[in-house]
Amino acid sequence: MLKPSPSQAIAPPPGPVPAAGSAIEVDGLYFAYDGEWVLEDVHLSIPERTFLAVLGPNGSGKTTLLKLLLGILKPARGRVRVFDKAPELVSERFGYVPQNTNINQSFPVSVGDVVLMGRLGRGLRLRRRTKRDQELVRTALERVGMWSKRDRKMAALSGGERQRVLIARALAVDPRVLFMDEPTASVDAVFQTELYSLLKTLNETMTIVVVSHDLSVLSSYVGAVACVNRKVFYHDSAELTTEMIDRVYHCPVELIAHGFPHRVLRDHRDS
Amino acid sequence: MWSILQLEFMQHALAAGMLAALACGVIGPLVVVNRLVFLAGGVAHAAFGGIGLAFYFGFAPTAGALSFSLVSAMVMGSITSGRRQRSDTIVGVLWAVGMALGVVLIDLTPGYNVDLMSYLFGSILAVPASDLPVMAALDLLIVLVIGLFYRHYLAISYDEEFARVAGVPVRLLYFVLLALIAVSVVMLIRIVGLVLVIALLTIPAYMAEQRTGSLWTMMMVSAALAMVFTIAGLGLAVAANLSSGASIILVAAGCFFLDLVVTRLRQGMGRPSGAAS
């Protein structure tokens with residue numbers, strides 16, 4: 001278990017926990033944009049310390065699902081529970097790496113200050129940055145190999161470096177759940193390998209949800225896969241044998257891009 | 001030149017200019033990085049409705065302008081934050097409605113010949129001494145709020161969604177910022193008039209953004225630039241007997257374009273031709 005810090009402790013779920021050690025529960029969730037269903041009847045039960053890959057073609061609703069889990073979007077029907085609470089009530093312990101790393105590119109801010117944003121905490125508390133804040137910022141930047149560039153302007157970084165900084169910002173939160181939306185979209189292959197091994201280490205203490213449209217994430221240490229294409233199909237670790245991951249990974253990416261993940265994973269209708 | 005500075009109205013004008021420039025330096029960068037330039041313009045013009053109302057009912061025009069700009073800022077804010085689509089249209093409509101309302105109300109005010117130009121284009125040379133403490137108090141309010149919640153404003157300006165997930169009360173901070181924008185706009189109407197407010201909110205901030213590495217240095221630099229533009233514009237206005245508000249804006253705009261050209265030329269020299277992005 002994570003050691004909750006006194007200021008940010010999330011009270012353990014009261015009474016007997018329904019699904020033992022469940023981090024994320026989604027029940028009959030529907031979501032629509034402009035009257036068109038993007039997600040239909042989604043049910044998920046993700047145990048704590050799962051490393052979940054959310055896969056699906058572009059426009060399948062992956063990012064929408066992630067934003068619903070984060071509490072940024074509200075479901076039209078159904079509900080999301082994270083540690084048995086509405087996500088927006090526990091989201092200060094979410095590490096969120098957004099998909100778009102090009103937001104506000106010319107914004108005058110240093111790498112260190114962006115990562116420090118992960119230490120703001122809930123509400124409008126006026127507090128100076130503590131030793132712990134500084135340590136978490138430093139550790140996070142070291143983990144993504146950006147500590148030496150902490151004083152650089154964000155605008156002066158490459159796309160891949162910006163992505164690393166946003167990953168560090170999410171780690172500085174000291175999260176219980178790490179949500180990443182296409183974290184390898186603009187990083188090079190070397191860092192991608194580093195990132196996956198970092199995620200493996202982090203997975204020992206936290207739940208990880210990685211959204212991806214490419215299958216390379218399956219070459220990492222994912223423990224479960226959710227295939228999204230308006231409906232969501234969940235494949236847990238029992239299904240994900242090494243051999244299967246190997247097969248998925250060596251299949252052409254188009255397989256999933258065209259919406260046929262079923263050929264490599266067990267047919268959804270069976271489950 | 002020194003003899004001019006001995007004149008009381010000139011001293012008031014300079015003091016008012018500095019106070020307004022400070023507000024503009026702190027708020028302008030937030031307007032620019034949060035892409036609220038159009039909204040700020042809308043608030044400035046909608047304030048004219050309040051000025052008309054003040055004349056019609058016979059209360060202080062500044063109170064009318066302040067209440068109208070506060071209300072319109074809140075209305076525009078709730079529309080733009082709720083439904084992003086077409087929000088610019090609604091800002092544009094409120095912008096025009098405020099102006100039209102002001103003009104009609106002044107038409108209806110019996111036997112009163114209002115100097116519209118001073119509200120549209122500023123009247124820094126006519127700032128009464130009694131306005132200065134009010135402006136100083138508003139400056140203090142702006143600096144205090146932004147100073148105390150600087151890290152929060154930095155976070156929501158840089159990445160609102162991340163800040164929301166982290167538990168920062170994004171909506172509350174956003175509406176407080178809109179209120180501060182409304183206050184600054186009313187102060188700036190005194191100096192350069194409601195038509196020209198946008199220029200003084202954006203030009204110093206834009207020039208500062210190119211030269212600074214953090215939001216707070218951007219604020220300091222844009223406050224300094226706004227002060228320089230105000231002093232230089234005021235000097236130009238007095239020396240050549242021109243309108244003060246327009247002179248200030250033209251000085252600012254002149255520096256802005258000069259800066260753009262110099263930057264372009266420098267980039268052109270630094271890189272092989274055709275590589276400039």
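What follows is calculated from the coordinates using simple rules that are stated; it is not laboratory data. Every value quoted in this text rests on a predicted model; they were computed, and no experiment measured them. Backbone-built Cβ (ideal geometry, glycine too); neighbour counts: all protein chains shown.
The calculated FRET efficiency for the pair A:VAL190 and A:ARG138, based on their C-beta separation and a Förster distance of 35 Å, comes to about 0.95. Spatially, the range B:56-71 and the range B:129-166 are offset by 23 Å when compared through their Cα centroids.
Checked against a 20 Å cut-off, the cross-linked pairs A:LYS67/A:LYS149; A:LYS200/A:LYS231; A:LYS67/A:LYS231 give Cα-Cα distances beyond that limit for A:LYS67/A:LYS149; A:LYS200/A:LYS231. Tell me which lysines have Cα within less than 21 Å of A:LYS153's Cα, excluding those fewer than 8 residues away on the same chain? Straight-distance partners of A:LYS153: none at all. Length, then width, then depth: along the principal axes, the Cα atoms of the protein assembly as shown run 88, 54, 48 Å.
Applied to the range A:139-153, the Karplus parametrisation 6.51 cos²θ - 1.76 cosθ + 1.60 on θ = phi - 60° returns per-residue 3J(HN,Hα) values of 4, 4, 5, 5, 4, 9, x, 10, 4, 5, 9, 5, 9, 6, 6 Hz, with x for Gly and Pro.
Result for chain B in a Gaussian network model with C-alpha springs under 10 Å: among B:ARG266, B:ARG190, B:ARG211, the largest mean-square fluctuation is at B:ARG266. Spin-label pair B:PHE59-A:HIS43: with each label point 7 Å from Cα along the Cα-Cβ axis, the two points sit 6.1 nm from one another.
Estimated from helices alone, the mean residue ellipticity of the protein assembly as shown at 222 nm is -17500 deg cm²/dmol (sum of -39500 (n - 2.57) over DSSP H runs with n ≥ 4, per residue).
Once a ≥ b ≥ c are taken as the square roots of the eigenvalues of the Cα gyration tensor of chain B, is the result rounded (a/c under 1.5), prolate (a/b larger than b/c) or oblate (a/b not larger than b/c)?
Details: a/c = 1.64, a/b = 1.13, b/c = 1.44.
Since a/c reaches 1.5 but b/c is at least a/b, the shape of chain B is classed as oblate.
Take the Cα of B:ALA100, step 7 Å toward its Cβ, do the same at B:ARG266, and the gap between the two points is 4.6 nm.
So how do A:VAL109, B:VAL221 line up by other beta-carbon neighbours within 10 Å, fewest first?
On the way: A:VAL109 24, B:VAL221 21.
If I rank by nearby Cβ atoms, fewest first, I get B:VAL221, A:VAL109.
When B:HIS45, B:HIS12 are sorted by how many other C-beta atoms sit within 10 angstrom of their C-beta, beginning with the fewest, the order is B:HIS12, B:HIS45.
Would you please classify the overall shape of the range A:41-166 from the alpha carbon gyration tensor, given that a ≥ b ≥ c denote the square roots of the eigenvalues, rounded means a/c under 1.5, and beyond that prolate means a/b larger than b/c while oblate covers the rest? Each step should come with its number before you reach the end.
On the way: a/c = 2.09, a/b = 1.51, b/c = 1.38.
Verdict is prolate for the range A:41-166.
Annotation: average projected area of the range A:22-270 is 13.9 square nanometres, based on the convex hull of Cα atoms across all directions.
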